[in-house]
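Chemist: I have a structure here, written as structure tokens, and I will follow up with some questions on it.
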Amino acid sequence: MSSPDKVRLPPICRDCDRSLLLYDPETGAILDANESVEDLYGYSLDDLRTMDVGDFTASSTKFNQAEALRRIQAAANGDSQEFEWQIERVNSERRWIRVYLNSTSIDDQEFVVAEIDDITSYRERENRLRLLSRIIPLKVSSAGRRGRQVRQFVGRADPPTAQHDAVTWDGIRAPSRTL
């Protein structure tokens, strides 16, 4: 058996586009990572091996080393983990990631592998939509045909009138009251 500090991700994982980290299930120490992790986090693998989770966790989040270790150990015990977390790259840029932790076996030793997706653009779109919904609130009712929900803009626009119902688009008649 190899010692944990000599264990590496299998060669097929090295060139994977998905970011992968290999953890020691008892200590939570980072043992190995592929290049995608280095690109995402902005730290070299040698640097990551010496860091605790708190070293690259954004200060605005409550995620810490103790919580990371709890999740790593839960995954090692067969309870897969999935969570979102904000990291702070070496250049102080903040990125949102989704982490999937699962137990794995390499050379008859147990480890925890983390599959990591960068979800920053998704979170930014989500925040923009949340902001937009505050600016342009939507009214949802179940008054639509066949019990479907109908969404209407609520705000300063004039309410629809019968003459608006005659508006067509490419020869298709559609009432303007529903969106």
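The values are calculated or read from the model by the stated rules, or taken from the named source; none is laboratory data. Computed from a predicted structure; not experimentally measured. In this analysis, Cβ positions are derived from the backbone assuming ideal geometry, glycine residues included, and neighbour counts consider all displayed protein chains.
Chemist: Do we find that residue 84 is crowded, with 17+ Cβ neighbours inside 10 Å and farther than 20 Å from residue 104 by Cβ in this structure?
Modeler: Here the answer is no, as residue 84 does not meet what is asked.
Chemist: With the requirement that a residue be more than 20 Å from the chain's Cα centre (by Cα) and surrounded by fewer than 17 Cβ atoms within 10 Å (Cβ to Cβ), what does region 29-44 give you?
Modeler: 44
Chemist: Here is a further query. Taking the options 39, 32, name whichever one is in the same structural domain as residue 112 (by TED's automatic domain parsing), of a type in the set (D, E, K, R) and assigned to a strand (DSSP E or B).
Modeler: 32
Chemist: Go through region 50-80 residue by residue and tally those that are surrounded by fewer than 17 Cβ atoms within 10 Å (Cβ to Cβ) and either at pLDDT 95 or above or more than 18 Å from the chain's Cα centre (by Cα) (or both).
Modeler: 13
Chemist: Give me the residue from region 1-28 that is surrounded by 12 or more Cβ atoms within 10 Å (Cβ to Cβ) and not in a loop (DSSP other than H, G, I, E, B) and, out of that set, modelled with the lowest pLDDT.
Modeler: 4
Chemist: Name every residue in region 46-68 that is in contact (Cβ under 8 Å) with a residue 24 or more places away in the chain and either aromatic (Phe, Trp, Tyr) or outside the structural domain of residue 96 (by TED's automatic domain parsing) (or both), in order of residue number.
Modeler: Across region 46-68, the qualifying residue is only 56.
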